[in-house]
Amino acid sequence: MNLLQLALAYLRARPLNTLLNIFLLALGVAMIVVLMLFTRQMEERLQRDLRGIDLVVGAKGSPLQLILSSVYHLDIPTGNIPLRDAEELRKHPQIKNAIPLALGDSYHGYRIVGTEHAYPALYGAKLAQGTLWQAPLEATLGAEVVRTSKLKVGDQFTGAHGLGEGGGEHEQTPYKVVGILAPTDSVIDRLVLTGVESVWRVHEHHGDHDEGGAEGEHEDHAAQEEHHANEAHGEPDEEHTSERTEKHADAHAEAHETHAAEGAAEVDRAKAKSENTALPDMTQQREITALPDMTQQREITALLVQYKSSFAAVGLPRFINSKSALQAASPAMESARLYQLVGFGVDTLRAFAGVLIFSAALSVFIALTNALQERRYDLAVLRTLGAGQGSLLRLILTEGILLAVVGALLGLVLGHIGTEVLGRWFEATRHVHITGWTWSPTELWLAAMAIAVGLLASIVPAFVAYRTDIAATLAKE
Amino acid sequence: MIEIHDMEQRYQQRVVLRVASLRVPKTGRTIVMGRSGSGKSTLLHALAGILRPTSGSIAIEGTLLQTLSGAALDRFRGRNIGIVLQRLHLIRALSVRDNLRLAQHLAGLAPDEARIEQVLAGLGLAQRLEAKPHELSYGQQQRVAIARAVINRPKLILADEPTSNLDDDNCAEAIKLLFDQARDCGAALVVATHDSRIRPLFDQELVLEACA
């Protein structure tokens, strides 16, 4: 029976009090661990997704929205840009590489992205099975898409209108799975990749089917953006479905009216479509530059740009923004802005966790002070049995430290479990993989801090125990 | 041998205890009597080294208590003096066995399970080793308190009002246990009490008067 065992015995003798103190401290530590693991993994993830992208060019609107929609595939796009403008921009001498993205449809909530092979290469993606898409309506799937959809190479699937689940399906134009990418732990994992021309073709078919004529994806986007705006407002499902159908129809009708005066352009577009279908060699083309005659009408959603040199950052964005239809957004700047926005919430939660830890320290202090009152005779008896003043000091400090150590350890465990549970929910709803089964060296500091808090909370009661006047205490018997 | 010479204890300039001379032989039994406030407990505390006399000297087996520093005095107390307090004050969070183990640990002695079992068997508590104090009767608790006081084979056993609130039978039994354990340890026994029933059982008597 040493002081450690005695301290444990005292803590066990007050189970409710002890558990409450441990739980309070654990809760504060767990909250900080969750925030730490979550923000670290999110930041790493966001940084990975930004890899190699110096600038994003898209339709005018919110630059943050452009980055969220084109780099992270989270938000709805700001709109489309003319392919002609994009092609012109690709020839700019300060641009080393520009990857087009055409968005508009999704499969089971995963976005279908019309792009080039350079896009998966940007993330160092490797094929797990099959090949990259070659012909229109061929698709290569990200690892996460395959994991949840169970699609295999050779399977067919149809894309749905809009960038979320629940849009009308393009049944006339099914995609064929030709390849599956190995996991990259980046945004690519949750994308369905295909050629830009596939996206155009699907929407041409969609236009034929619905309207009996060629309709550009711009109109589709108008409807989809409205659809997503509704989603964002969180309308109830039933209402949402019927309203979405109405709005979708309205958007199409409106688009028709807008384009009624563009008869000539419609004819050109139909011609372009038939040429696209008729020319087998074009279906082999991955480069959108291979469709020069179509660039007059075609649109894409965004261009991911790599500079030739960092000097381009000085003038290129300004040059692009001066063009009436285009907007250039810097992923680094917008991400920093995003961290700042999200950071406020994280800081608030962190402060709340700090308050919890402070409350735990206060609770430990109160518990030990009360225990001193209850145990003043015990302490005096310990002195009569030969315990020195230092032993009483160490006894109380040991109790405080034990509470803090157990609270900190429990907090770390709860934090990791909490992160894993939240991560699974996040994965199911946002398709972003966050795990609790990882650790950060900062956790050691956190544990040390929690233990220091316990130590601090017990210093005053320990000092009171140290100063116990045995004779005076026993005289009060 | 316990020796006290010209001991005086003052509290805020007021003399609360004065003992001119007291000698307790090695296995002697001394009773300290007096009314409430006469300084009985103060004398026991001074003998236990938990209260330093304002003047005079106390020697236990040749060791002058005033010459010992705080830590040395704590160690000396743990190894040489056993105390039975009026309200017993067993550690409620610990079992009977652990109360005795703690006494061994605080005296800086190695754990001695055989000694614990021997003492508890001698006090009729062999079956209650793992019981917590609140699971025992008052009589059993008092025996545990005696066991704790003698577990380290002290040279001096001090008992403060060990028989107050006890009926005659239990009073006789408590005193017998104290005497037996003191004899087994070869220790001197000093009992402070106002219970005159046990007066005839002691070799020596010190009657304290309240100081003016």
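The values are calculated or read from the model by the stated rules, or taken from the named source; none is laboratory data. Please read all numbers here as calculations on a predicted model, not as lab measurements. Positions of Cβ are generated from backbone atoms using ideal geometry, with glycine treated the same way; all protein chains shown enter the neighbour counts. Heavy atoms of the whole protein, side chains included, go into the accessibility calculation; ligands, DNA and RNA do not. Shrake-Rupley method; radii C 1.70, N 1.55, O 1.52, S 1.80 Å.
Residues in region B:40-65 that are in a loop (DSSP other than H, G, I, E, B), within 11 Å of another protein chain (Cβ to nearest Cβ) and surrounded by 20 or more Cβ atoms within 10 Å (Cβ to Cβ): B:Gly49, B:Ile50, B:Leu51.
From the list A:Ala465, A:Ala428, A:Ala387, the one residue that fits, being away from chain B (no Cβ under 14 Å) and within 30 Å of B:Lys40 (Cα to Cα), is A:Ala465. Residues in region B:66-80 that are more than 8 Å from chain A (Cβ to nearest Cβ) and either of a type in the set (Gly, Ala, Ser) or not in a helix (DSSP H, G or I) (or both): 3 in all. So, restricting to helices (runs of 4 or more DSSP H) that lie completely within region A:1-118, which ones have at least 1 residues that are farther than 27 Å from A:Gly354 by Cα and within 14 Å of chain B (Cβ to nearest Cβ)? Hits in region A:1-118: A:3-13. Every condition in (1) within 15 Å of A:Ala408 (Cβ to Cβ); (2) in contact with a Gly (Cβ under 6 Å, 6 or more places away or on another chain) holds for A:Leu24 except the one numbered (2). Checked against the criterion of being part of a helix (DSSP H, G or I), of a type in the set (A, V, I, L, M) and touching a helix residue (DSSP H, G or I) at 6+ places or on another chain (Cβ under 6 Å), the candidates A:Leu362, A:Leu382, A:Leu368 yield just one match: A:Leu368. A:Asn321 meets each of the listed conditions (1) free of Cβ contacts under 8 Å to residues at least 60 places away in the same chain; (2) closer than 30 Å to A:Val56 by Cα; (3) open to solvent by 70 Å² or more (accessible area, probe 1.4 Å) apart from (3). For region A:39-74, the set of residues classified as farther than 30 Å from A:Ser309 by Cβ and buried (at least 20 other Cβ atoms within 10 Å of the Cβ) consists of A:Gln41 only.
Results for (1) within 20 Å of the chain's Cα centre (by Cα); (2) at pLDDT below 95; (3) buried (at least 24 other Cβ atoms within 10 Å of the Cβ), shown as yes or no for each residue.
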residue	(1), (2), (3)
A:Gly166	no, yes, no
A:Glu169	no, yes, no
A:Asp185	yes, yes, no
A:Thr194	no, no, yes
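Look at (1) touching a Phe, Trp or Tyr at 6+ places or on another chain (Cβ under 8 Å); (2) outside any loop (DSSP other than H, G, I, E, B) and you find that A:Val432 fails only one, number (2).
Conditions tested, residue by residue: (1) outside the structural domain of A:Ala86 (by TED's automatic domain parsing); (2) in a helix (DSSP H, G or I); (3) out of contact with any Lys or Arg (no Cβ under 8 Å at 6 or more places or on another chain); (4) within 15 Å of A:Ser69 (Cβ to Cβ).
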position	(1), (2), (3), (4)
A:Val305	no, no, yes, no
A:Ser309	no, no, yes, no
A:Val314	no, yes, yes, no
A:Pro317	no, yes, yes, no
A:Ile320	no, yes, yes, no
A:Phe344	yes, yes, yes, no
A:Asp347	yes, yes, yes, no
A:Ala351	yes, yes, yes, no
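When A:Glu420, A:Glu443 are checked against the criterion of being without any contact (Cβ under 8 Å) to a residue 24 or more places away in the chain, open to solvent by less than 50 Å² (accessible area, probe 1.4 Å) and under 16 Å from A:Leu37 (Cα atoms), A:Glu420 stands alone in meeting it. Could you check, for region B:21-34, whether at least one of its residues is more than 18 Å from B:Phe202 (Cα to Cα), surrounded by 15 or more Cβ atoms within 10 Å (Cβ to Cβ) and in contact (Cβ under 8 Å) with a residue 60 or more places away in the chain? Within region B:21-34, not a single residue is more than 18 Å from B:Phe202 (Cα to Cα), surrounded by 15 or more Cβ atoms within 10 Å (Cβ to Cβ) and in contact (Cβ under 8 Å) with a residue 60 or more places away in the chain.
The sole residue among A:Leu456, A:Leu410, A:Leu414 that is over 30 Å from A:Leu379 (Cβ atoms) and away from chain B (no Cβ under 14 Å) is A:Leu414.
Just one of the numbered conditions (1) within 14 Å of another protein chain (Cβ to nearest Cβ); (2) farther than 26 Å from B:Arg75 by Cβ; (3) within 46 Å of the chain's Cα centre (by Cα) is not true of A:Glu374: (3).
Out of curiosity, is B:Val84 under 17 Å from B:Leu189 (Cβ atoms), more than 14 Å from chain A (Cβ to nearest Cβ) and buried (at least 21 other Cβ atoms within 10 Å of the Cβ)? So B:Val84 fails the test.
For region B:92-171, give me every one of the helices (runs of 4 or more DSSP H) that falls completely inside it and has 2 or more residues that are more than 23 Å from A:Leu4 (Cα to Cα) and away from chain A (no Cβ under 12 Å). Passing ranges, in order: B:113-122, B:138-150.
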